[in-house]
1. Does region 235-246 contain any residue that is modelled with pLDDT under 95, in contact with a helix residue (DSSP H, G or I) (Cβ under 7 Å, 6 or more places away or on another chain), more than 22 Å from Ser371 (Cα to Cα) and of a type outside the set (S, T, N, Q)?
2. Name the single residue that is surrounded by the most Cβ atoms within 10 Å (Cβ to Cβ) among those in region 114-136 being under 14 Å from Ala73 (Cβ atoms) and hydrophobic (A, V, I, L, M, F, W, C).
3. Looking only at region 230-241, decide whether some residue is farther than 30 Å from Ala429 by Cβ, hydroxyl-bearing (Ser, Thr, Tyr) and either in contact with a strand residue (DSSP E or B) (Cβ under 7 Å, 6 or more places away or on another chain) or in contact (Cβ under 8 Å) with a residue 24 or more places away in the chain (or both).
4. For region 433-462, name all the residues that are open to solvent by 10 Å² or more (accessible area, probe 1.4 Å), in a strand (DSSP E or B) and either under 21 Å from Tyr268 (Cα atoms) or touching a Leu at 6+ places or on another chain (Cβ under 9 Å) (or both).
5. Which numbered condition in (1) out of contact with any Lys or Arg (no Cβ under 8 Å at 6 or more places or on another chain); (2) more than 20 Å from Gly334 (Cα to Cα) is the only one that Val419 fails?
6. Mind listing whichever residues of region 341-358 are of a type outside the set (A, V, I, L, M, F, W, C), surrounded by 22 or more Cβ atoms within 10 Å (Cβ to Cβ) and not in a strand (DSSP E or B)?
7. Provide a single number: the residues in region 270-328 that are surrounded by 16 or more Cβ atoms within 10 Å (Cβ to Cβ), of a type outside the set (A, V, I, L, M) and not in a strand (DSSP E or B).
8. Any residue at all in region 230-248 that is surrounded by fewer than 13 Cβ atoms within 10 Å (Cβ to Cβ), within 42 Å of the chain's Cα centre (by Cα) and more than 17 Å from Asn436 (Cβ to Cβ)?
Amino acid sequence: MWLQVSLTACLSSLVVASYGPEAGRASLRRSGDPRRDGGCQYTFTVPAPAEAAEFCPRDETEGVLSRVVLLEALVRRLVEGQEEGGTGGTGGTSGTGAGPPRAVGPDGDSDGSDHVRSRVTSERDRLQKDKERLSGQVQELLRRVEQLGEEAESLRRKPCHRDQARPDHRPSGDSVMKDPNNTYQEMKADVTEVPASLLLPDGAHNATGCGELVWVGEPVLHRKADSITGKYGVWFQDPEPPQGTPYGDRTVWRIDTVGKDVRQLFAYEDAEQFARGFPTKVLLLPEAVESTGAALYRGSLYYQRRRSRTLIRYDLASETLAARRDLPHAGFHGQHPYSWGGYTDIDLAADERGLWAVYSTGEAKGAIVISQLDPESLAVRRSWETAVRKNTVANTFMACGRLYTVASYTAADTTVNHVYDTATDVGRALAVPFKNRYRYNSMVDYNHAQRKLFAWDNHHMITYDVRLGSR
């Protein structure tokens with residue numbers, strides 16, 4: 001009875017170790033009745049290696065099956081020994097038939113059953129260890145399958161993030177890239193804004209036209225001031241230098257306007273020397289300069305004398321004061337400045353139409369007044385009063401006889417927001433983008449020979465390309 005129970009436990013362990021739907025077909029059957037037939041037959045059935053390959057590695061399954069075959073052979077030997085022992089016990093009446101039958105080996109040796117029992121026990125222990133090892137591997141595989149299933153379900157449920165501001169459609173063209181998993185990845189695109197003026201027909205603007213301003217380019221840096229005295233200033237090139245003078249249109253001029261007695265005028269041979277900071281000459285002006293409203297035109301420097309409404313014309317070739325005249329009724333020294341202050345009451349400018357003064361008076365009550373000046377004597381030829389208050393704009397410049405105002409001196413992205421045409425006496429709102437890259441633009445002047453704006457933005461000397469309409 002003990003041997004039968006041991007064999008049953010051993011084989012049951014083998015059946016459990018299969019861990020699969022095929023394991024239910026493994027069985028141990030006994031046929032025949034020893035009392036009726038004089039013997040019985042035990043049949044042990046397990047799935048074939050091919051049927052269990054889905055759940056067990058092939059080499060491990062074959063090893064287990066080989067041991068099962070060996071165990072079946074041992075069981076047969078043990079059963080045969082029991083049958084012989086049982087027959088002898090029932091047929092011999094004169095022997096010592098009392099007591100249980102005794103198992104003997106094939107050769108009649110009573111120790112044979114002990115040897116077989118030891119082998120069976122050993123195989124049972126090995127099968128139990130294999131079962132535990134395979135059980136651990138199965139549990140690990142089940143854990144990994146469950147984890148992968150959770151990840152797959154999470155990916156299926158994950159929503160597709162889209163920009164709600166855009167219409168719901170698939171990107172097309174070069175803006176998408178399809179990967180092997182049939183998913184789409186949106187590519188980042190750098191978009192450059194193209195000014196409307198660049199999209200106009202060729203006849204709408206040209207290099208020599210004198211129409212209305214349609215575009216201002218990006219600021220281009222030429223030089224940065226080295227000290228605090230260069231926070232504000234004025235710099236320019238002569239758009240119409242006289243013939244035979246020592247200074248041409250390549251000469252760069254600069255004045256740092258921070259200080260109480262600004263009188264130094266720096267001359268640089270060209271833009272390269274200017275960028276390197278090597279002046280060829282430093283001129284000492286006869287009167288101190290007020291703020292950033294100076295202009296350069298036809299070989300002369302025009303500027304406002306400090307703390308007065310007096311205009312001065314300084315001849316560069318002879319280095320002498322060529323003309324002096326008060327600008328009638330003009331406010332000065334902070335009475336009617338631009339919005340950034342700086343005593344910018346009088347702003348001189350030159351363009352295709354001549355020399356101009358932009359200022360205000362008490363009679364105009366702070367509104368911008370434009371006067372065209374005689375470049376030799378500084379006398380006022382004609383004046384126009386606009387509806388734009390001077391202290392509401394950051395800067396102005398003249399181009400083709402039109403006054404343009406800049407809305408802000410600190411906003412990185414602002415606009416040229418108003419134009420006044422002296423030819424028609426009409427002003428109107430405008431919206432041409434303009435950039436203050438360094439966030440404190442204290443001077444803007446137009447050079448009609450180069451079609452550029454010269455500006456001084458927080459220590460930085462910069463230029464802007466511009467485009468004007470053809471008429």
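The values are calculated or read from the model by the stated rules, or taken from the named source; none is laboratory data. Worth saying up front: this structure is predicted, and the values here are computed from it rather than measured. Counting neighbours? That spans all protein chains shown, and the Cβs are built from the backbone with ideal geometry, glycine included. The accessibility values were calculated without ligands, DNA or RNA, using every heavy atom of the protein model including side chains. Shrake-Rupley method; radii C 1.70, N 1.55, O 1.52, S 1.80 Å.
1. There is no residue in region 235-246 that is modelled with pLDDT under 95, in contact with a helix residue (DSSP H, G or I) (Cβ under 7 Å, 6 or more places away or on another chain), more than 22 Å from Ser371 (Cα to Cα) and of a type outside the set (S, T, N, Q).
2. Val116
3. no
4. Asp445, Tyr446, Lys452, His460
5. Of everything listed in (1) out of contact with any Lys or Arg (no Cβ under 8 Å at 6 or more places or on another chain); (2) more than 20 Å from Gly334 (Cα to Cα), Val419 misses just condition (1).
6. Answer for region 341-358, where residues must be of a type outside the set (A, V, I, L, M, F, W, C), surrounded by 22 or more Cβ atoms within 10 Å (Cβ to Cβ) and not in a strand (DSSP E or B): Thr344, Asp345.
7. Within region 270-328, residues that are surrounded by 16 or more Cβ atoms within 10 Å (Cβ to Cβ), of a type outside the set (A, V, I, L, M) and not in a strand (DSSP E or B) number 13.
8. Looking through region 230-248, none of the residues is surrounded by fewer than 13 Cβ atoms within 10 Å (Cβ to Cβ), within 42 Å of the chain's Cα centre (by Cα) and more than 17 Å from Asn436 (Cβ to Cβ).
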